[in-house]
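Working notes, beginning with the structure itself.
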Amino acid sequence: MADEAVVQGVYRALFTPTGEKVYAVIDGASAENLLDHLYADRPEWFCLFEGNLDPDVAEVAPYVVELLPGKPFTEWVIREGWGNHWGVFAVSTQSLRPMRNHLRSLVKVQDSQGKVVIFRYYDPRILRVYLPTCNGEETDEFFGPVRFFAAECADPKVMRMFYPREEGVREDALDLSKG
């Protein structure tokens, strides 16, 4: 569970008065009882895997969820998930359906042998390593309608924020414990 200063820091970083929407891309394999919370708290959400899933697969699939400040699901994700690599955040002006389509398009990639594999970019440990390696074209493709991605660091008091640039990705560190 994240301490109160960190929780408030996450809120300040993500929920700005610009009218942009905040999405969590959550790994069902990391967030225990994710589906129970989605069904109980009823935020707007989509699974990033396509089709009808077996219950075992649905349990560990990635999900995109629109977060609203002060709502039970948002509180749960930030208080319980921050520091536990449950997922990453994306901020955009787009509504949920176009965001689902974009984020879903990033889940499957081809490896060097041409085999389709799952790219777990929604794990903050992977996103933090991957994004700084992107060139301008890769950045455009990955970010699409996303203004910025945010992820926890190994030190949960620090948030990494990633912004698209013409030549790649700009990365900023934000100390969440400072008011």
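The values are calculated or read from the model by the stated rules, or taken from the named source; none is laboratory data. This structure is a prediction, so every number in the text was calculated from the model and none was measured. A quick note on method: Cβ atoms are made from the backbone with ideal geometry, for glycine too, and the neighbour counts reach across all protein chains shown.
For this structure, a couple of remarks:
- Of everything listed in (1) out of contact with any Pro (no Cβ under 7 Å at 6 or more places or on another chain); (2) of a type outside the set (S, T, N, Q); (3) in contact (Cβ under 8 Å) with a residue 12 or more places away in the chain, the single unmet condition for residue 116 is (3).
- Subset of segment 123-178 (residues that are under 17 Å from the mean Cα position of the chain (by Cα), in a loop (DSSP other than H, G, I, E, B) and without any contact (Cβ under 8 Å) to a residue 60 or more places away in the chain): 144, 145, 153, 154
- One residue stands out among those in segment 1-21 that are of a type outside the set (A, V, I, L, M, F, W, C) and part of a helix (DSSP H, G or I): the one that is surrounded by the most Cβ atoms within 10 Å (Cβ to Cβ), which is 9.
- Residue that is surrounded by the most Cβ atoms within 10 Å (Cβ to Cβ) [pool: residues in segment 93-112 that are at pLDDT below 95 and among the polar types (S, T, N, Q)]: 110
- Summed over segment 107-134, the residues that are touching a strand residue (DSSP E or B) at 6+ places or on another chain (Cβ under 8 Å) and of a type in the set (Val, Ile, Thr) give a count of 5.
- You will find that of 44, 32, the residue that is at pLDDT below 95 and either in contact with a Cys (Cβ under 9 Å, 6 or more places away or on another chain) or among the acidic types (Asp, Glu) (or both) is 32 and no other.
- Candidates 31, 24, 58, 90, filtered to the one that is surrounded by fewer than 16 Cβ atoms within 10 Å (Cβ to Cβ) and either in contact (Cβ under 8 Å) with a residue 24 or more places away in the chain or not in a loop (DSSP other than H, G, I, E, B) (or both): 58
- For segment 95-110, the set of residues classified as farther than 11 Å from residue 145 by Cα and outside any helix (DSSP H, G or I) consists of 106, 107, 108, 109, 110, listed by residue number.
- Of all residues making up segment 36-53, the number that are assigned to a helix (DSSP H, G or I) and crowded, with 16+ Cβ neighbours inside 10 Å: 3
- Of the criteria (1) touching a strand residue (DSSP E or B) at 6+ places or on another chain (Cβ under 8 Å); (2) modelled with pLDDT of 95 or more; (3) more than 18 Å from residue 77 (Cα to Cα), which one residue 153 fails: (3)
- Checked against (1) farther than 21 Å from residue 155 by Cβ; (2) in a helix (DSSP H, G or I); (3) of a type in the set (A, V, I, L, M, F, W, C), residue 78 meets all criteria but (1).
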